[in-house]
Each structure stands twice: as structure tokens, then as C-alpha cells.
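The values are calculated or read from the model by the stated rules, or taken from the named source; none is laboratory data. What you see is a predicted model, and the numbers here were worked out from it, not measured in a lab. Note: ideal-geometry Cβ built from the backbone for every residue, glycine included; neighbour counts use all protein chains shown.
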Amino acid sequence: MEVLRVFNNNVVLARTADRGEVILTGRGLGFQAKPGKAVDQTKIVRVFVPEDGRDADNFGALVAAIPPEHLLLADEALQIARKGLASTISSTTVVGLADHLSFAIKRVRQGINLEYPLRAEVSHLYPEELQTAQRVLDFVNTRVEHPLPAAEAVPIALHLVNAGFATGDLSLTYQMTGVFTQLFEVLEQSYERPFNRDTVNAARFITHLRYFFVRAQTGRQLEEGATALSKAIRESYPDAYATALKLQTVLELRLGEPLTEDEVTYLTLHIARMVEDLRL
């Protein structure tokens with residue numbers, strides 16, 4: 001393992017034989033270390049792998065800017081999330097949460113409070129992540145001098161949602177949340193009734209949309225060519241199909257790419273199921 005760059009006494013960029021460039025942290029790891037020299041592996045505490053094409057130098061600089069105790073706090077807190085979520089927790093998520101916690105801890109020390117207006121959306125769209133985030137926050141508050149406010153569970157939940165994407169950029173998660181809210185507004189305007197987002201069918205719809213977002217971002221929309229099935233579904237649920245076309249317009253405008261016929265068909269099915277809930 002060879003040193004490529006020293007960020008500070010505790011953080012270095014190194015090259016490994018199996019994982020390429022990685023960020024290493026440990027007390028005194030960078031002290032008197034020189035590029036081209038071997039890493040003192042006895043001092044390594046944590047290894048962060050730049051993922052999703054992230055620049056290793058920029059990622060290392062971010063790690064170096066976060067106090068080591070906050071990196072450790074985020075890593076330990078996310079042990080809770082690892083048990084409660086299906087998605088894996090990447091180095092990007094650990095560092096992103098550590099950066100957020102570090103800033104939040106500083107704000108609380110300075111007496112600065114922030115309100116997070118997305119709490120209602122997060123509680124409806126990501127209930128599991130919000131529950132896990134609240135447990136993460138409870139753990140964090142056992143380790144800090146000044147407890148963070150309950151509202152911090154919202155951005156923590158969004159970091160957990162973001163863990164399911166192949167990106168370290170929370171802007172995608174914020175965009176997705178805004179689009180989901182807009183889609184429900186279109187549904188409620190179309191049927192002139194509020195939709196209960198706590199039903200099983202609404203949960204299925206949201207889950208489908210989340211995976212659709214991932215497929216759209218990676219260019220892998222559903223395209224099975226099941227035209228006979230698509231035709232049958234659209235003829236069976238004409239109102240739901242008409243509404244699905246409205247959602248299609250919103251999604252295409254927001255994402256900047258056309259939906260496949262199969263994606264619209266699945267939207268129709270989910271809408272039809274939620275409409276059935278309105279009649280119960």
C-alpha cells in the first residue's frame with residue numbers, strides 16, 4: 001500500500017492492489033509520510049473508498065476537513081442503519097453524514113436552529129428511513145455535549161434514502177422527493193380527493209417510483225415489449241391510464257427523458273390500485 005498524497009497528520013490518499021485509490025485515516029498516519037513510501041498499516045483506523053466515479057483527491061480533502069471524532073460518530077451511528085435498511089451503507093454515505101453531523105453540532109453550539117420543511121413529505125415517502133434516522137439521532141445525542149434537535153432526523157433520513165442510489169449527491173434525493181410530492185398533487189387534482197399515503201397500495205406506488213428513479217438515472221427503464229398486456233391494462237382502467245399520462249408528462253419534464261410504454265403501464269396499475277382504496 002503506497003502513499004499518494006498526505007492531506008494532514010491523520011488522513012492520506014493511498015493506492016492499494018485490490019481497490020485502487022482509497023482514503024485512509026488514523027492518528028498520526030500522515031505524520032512524516034511521503035508520496036511513494038509505504039503506508040504504516042498499523043496506524044490505519046478506517047478506509048474510505050471513493051465510489052461512483054468520485055475524484056479521490058476531492059473526496060480525501062472532504063474527509064480531511066471533518067474532525068476525526070465526527071467521522072467515528074457517523075460510522076458508529078450508521079451501524080444502526082445497516083441493520084434497518086436493505087441498501088448498503090457506502091463510504092460516501094458515511095462521509096456525507098459525518099459532514100452533516102459536524103455542521104449540525106457546530107450550529108447547536110452556536111445556538112443556530114434550522115427548520116426542515118420536508119418533514120411531512122419524508123414521513124410519508126420514507127417512513128422506514130425516518131424511523132431508522134430517529135434511532136441514529138438518539139445514538140448521536142448520547143455522544144455529544146449538546147443534543148441535536150429532533151428535526152435533524154429529517155436530513156439524516158434523506159442521507160439514508162440517498163444510500164440506495166449510485167451517487168453521493170443529495171440533490172438527486174431532494175429532486176426525487178419534490179417530484180413525488182408533485183405527482184401526488186396531480187393525482188389529487190385528477191380525482192378531486194386526497195390520497196392516503198399510508199395505505200399499502202400507496203407504499204407500493206412510492207416504492208415503484210423510487211426504483212423507477214434509479215432506473216431512469218441509469219438508463220434502464222422497463223421495456224419488456226408486453227404490448228398486449230399494456231393494451232389490456234389501459235382498456236381495463238381508462239381513467240387510471242389518463243392520469244398516468246399526466247404523471248408521464250411531469251416525469252418527462254422533470255427528468256428530461258421519455259418514459260417507455262411499460263413504465264406508463266405500471267404507473268396505470270398502481271394508480272388503479274390506489275383509486276380502489278378511495279372507494280373503500
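Against the test of being at pLDDT below 80, assigned to a helix (DSSP H, G or I) and among the β-branched types (V, I, T), the options T167, T207, T177 yield a single qualifying residue, T207.
Select, from G53, G36, G28, the only residue that is modelled with pLDDT of 90 or more, of a type in the set (G, A, S) and assigned to a loop (DSSP other than H, G, I, E, B). Reasoning before the result, please.
Details: G53 fails: modelled with pLDDT of 90 or more; G36 fails: modelled with pLDDT of 90 or more.
Going through G53, G36, G28 in turn, the sole match is G28.
Kindly indicate the residue of region 6-27 that is crowded, with 17+ Cβ neighbours inside 10 Å and touching a helix residue (DSSP H, G or I) at 6+ places or on another chain (Cβ under 7 Å) and also nearest to T42 (Cα to Cα) among those meeting that condition. Taking the candidates together, the pick is G26. Here T93 clears all of (1) of a type in the set (S, T, Y); (2) in contact (Cβ under 8 Å) with a residue 40 or more places away in the chain; (3) not in a helix (DSSP H, G or I) except the condition numbered (3). Filtered by the rule that a residue be touching an Asp or Glu at 6+ places or on another chain (Cβ under 6 Å) and among the polar types (S, T, N, Q), region 231-264 gives a lone residue, T260.
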